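Colleague: Would you mind keeping the following structure in view while I ask a few things?
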Amino acid sequence: MSHYVCITFTEGNTRFVIAELLLDDENIFKAISSVSGRTLNLTTHHCKDLIQLGAIIVPHQPGRVKNVVTSIKDNNVDTVCMILPASKHKTDVTAELIEVVKMADVPNIVLITAAGCDLAERDRQPKLGVWRGALSLPIGQQHKFALVVLGMIQDVALLAAHVLTGKGSHGLDDKHRGQLTTITGTTFLNGHELAKAASKALKANMKFEVIPDREAKQVLRKHIDTNDTEIQFLVEYYSLVREGKTNYMATTAFCDVTMGEGPQKPHEFFKIYGEEFTPNKRGVKRRKVDGKYSGYIIVGWDR
């Protein structure tokens, strides 16, 4: 039986890319019955685009538990892809939504969160739980991490799509059910090595620049279309890098779930999305390979 998939808080970029892939890829779409989404902001362009693609987008009403349960049941949802919203009330909203899913008897839940958040400390990273001729990141001089670059949100989406469309005796594919699947980038890089990879791919002289958290927030506010809660999340994630808590790679599970396709490498990202790093370009292109699509490097560019 094909799944009726619901994705939470589709106003966010990662959720949008997952929903878009489910709706837009013929091979994946035929494996599901429908895609619905819950949103805290129905007016965003992501929600409008998904509605045009055929998704059922429903305004989420925090505090209206019975109404939300009824809505989920009315859409025959049997599979929920849950990602925390970029909201200062994310903990309360998510806890309530988990209760809603239980009350609605939804059998399949796929939770997606940032790798490494389980290592965050309550006092140091409470919210986890840039191009200017220079690559400006608050990660220190030597610390390395296997980043999942911005264009590789499609890698996360591809992995999620395989899990969400899998079928087994208990709902999801037995190979995926109950699994903790971690995905990172394919290469350990510190800031200088990342700038070198960018310079080679873009044929430009990029230098790495260490910046404090306060300046990082200013760069993000200037160049990234997101809210202060999400910015704080990103800054705290960089602090995990400085503390050496992201010094690992995890790509084996991705290759297994996607039947051999590997995540995108940093130099591939810079070559494919190079034009997005010119002064007059902003945004994210989609990666599409053999009908398939696949978190983050934060970038800015002074104009």
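The values are calculated or read from the model by the stated rules, or taken from the named source; none is laboratory data. Small disclaimer: the values here were computed from a predicted structure and weren't measured. All Cβ positions, glycine included, derive from the backbone under ideal geometry; neighbour counts span all protein chains shown.
Colleague: Kindly indicate whether M82 is closer than 19 Å to R64 by Cα and modelled with pLDDT of 90 or more. Show your work before the answer.
Modeller: Details: closer than 19 Å to R64 by Cα: yes; modelled with pLDDT of 90 or more: no.
In short, no.
Colleague: Where residues in region 223-269 are surrounded by fewer than 17 Cβ atoms within 10 Å (Cβ to Cβ) and hydroxyl-bearing (S, T, Y), which of them is nearest to the chain's Cα centre (by Cα)?
Modeller: Selected residue: T226.
Colleague: Further question: Identify all residues within region 18-38 that are surrounded by fewer than 23 Cβ atoms within 10 Å (Cβ to Cβ), closer than 15 Å to C81 by Cα and among the β-branched types (V, I, T); write none if there are none.
Modeller: Correct list: I32 only.
Colleague: Additional query: Among the residues of region 254-265 satisfying the criterion of being touching a helix residue (DSSP H, G or I) at 6+ places or on another chain (Cβ under 8 Å) and either among the small types (G, A, S) or modelled with pLDDT under 75 (or both), which is farthest from G166 (Cα to Cα)?
Modeller: G262
Colleague: Here's another thing I want to ask about it. Kindly provide the set of residues from region 56-72 that are of a type outside the set (V, I, T) and either at pLDDT 95 or above or over 14 Å from I7 (Cα atoms) (or both), ordered by number. Please lay out each step first, then the result.
Modeller: The first filter runs over region 56-72 and keeps only residues of a type outside the set (V, I, T), leaving 59-64, 66-67, 71.
Q61, P62, G63, R64, K66, N67, listed by residue number.
Colleague: Give region 1-21 a look and list any residue that's assigned to a helix (DSSP H, G or I) and within 22 Å of T43 (Cβ to Cβ), or say none. Even if it seems obvious, please write down each step before you answer.
Modeller: Of the residues in region 1-21, the ones assigned to a helix (DSSP H, G or I) are 13-21.
Residues satisfying the conditions are N13, T14, R15, F16, V17, I18, A19, E20.
Colleague: Yes or no: R214 outside any helix (DSSP H, G or I) and either at negative phi or at pLDDT below 80 (or both)? Break it down into steps so the answer makes sense when it comes.
Modeller: Numbers: outside any helix (DSSP H, G or I): no; either at negative phi or at pLDDT below 80 (or both): yes.
Spelling it out, it is not the case that R214 is outside any helix (DSSP H, G or I) and either at negative phi or at pLDDT below 80 (or both).
Colleague: Evaluate the following for N205: is it within 17 Å of T184 (Cβ to Cβ), of a type in the set (S, T, N, Q) and either under 20 Å from the mean Cα position of the chain (by Cα) or at pLDDT 80 or above (or both)? First the steps, then the outcome.
Modeller: On the way: within 17 Å of T184 (Cβ to Cβ): no; of a type in the set (S, T, N, Q): yes; either under 20 Å from the mean Cα position of the chain (by Cα) or at pLDDT 80 or above (or both): yes.
Answer is no for this residue.
Colleague: Step by step: first the residues of region 46-85, then only those that are assigned to a helix (DSSP H, G or I) and either among the aliphatic types (A, V, I, L, M) or in the same structural domain as D228 (by TED's automatic domain parsing) (or both), then the one that is surrounded by the most Cβ atoms within 10 Å (Cβ to Cβ). Which residue is that?
Modeller: Applying the first criterion (assigned to a helix (DSSP H, G or I)) to region 46-85 yields 46-53, 65-74.
Those still in the list that are either among the aliphatic types (A, V, I, L, M) or in the same structural domain as D228 (by TED's automatic domain parsing) (or both) too: 50-51, 53, 65, 68-69, 72.
Numbers: L50: 26, I51: 14, L53: 13, V65: 14, V68: 22, V69: 18, I72: 24.
The extreme case among them is L50.
Colleague: Where residues in region 86-106 are over 22 Å from the mean Cα position of the chain (by Cα) and either within 26 Å of N227 (Cβ to Cβ) or of a type in the set (S, T, Y) (or both), which of them is surrounded by the most Cβ atoms within 10 Å (Cβ to Cβ)?
Modeller: As a first pass, look at region 86-106 and keep what is over 22 Å from the mean Cα position of the chain (by Cα): 99-100, 102-106.
Next cut, either within 26 Å of N227 (Cβ to Cβ) or of a type in the set (S, T, Y) (or both) only: 99-100.
Details: E99: 13, V100: 21.
Here the residue is V100.
Colleague: Got a sec? Which of T43, T91, T113, T79 is of a type in the set (S, T, N, Q) and in contact with a helix residue (DSSP H, G or I) (Cβ under 8 Å, 6 or more places away or on another chain)? Steps first, please.
Modeller: Working: T43 fails: in contact with a helix residue (DSSP H, G or I) (Cβ under 8 Å, 6 or more places away or on another chain); T91 fails: in contact with a helix residue (DSSP H, G or I) (Cβ under 8 Å, 6 or more places away or on another chain); T113 fails: in contact with a helix residue (DSSP H, G or I) (Cβ under 8 Å, 6 or more places away or on another chain).
Only one candidate passes the filter, namely T79.
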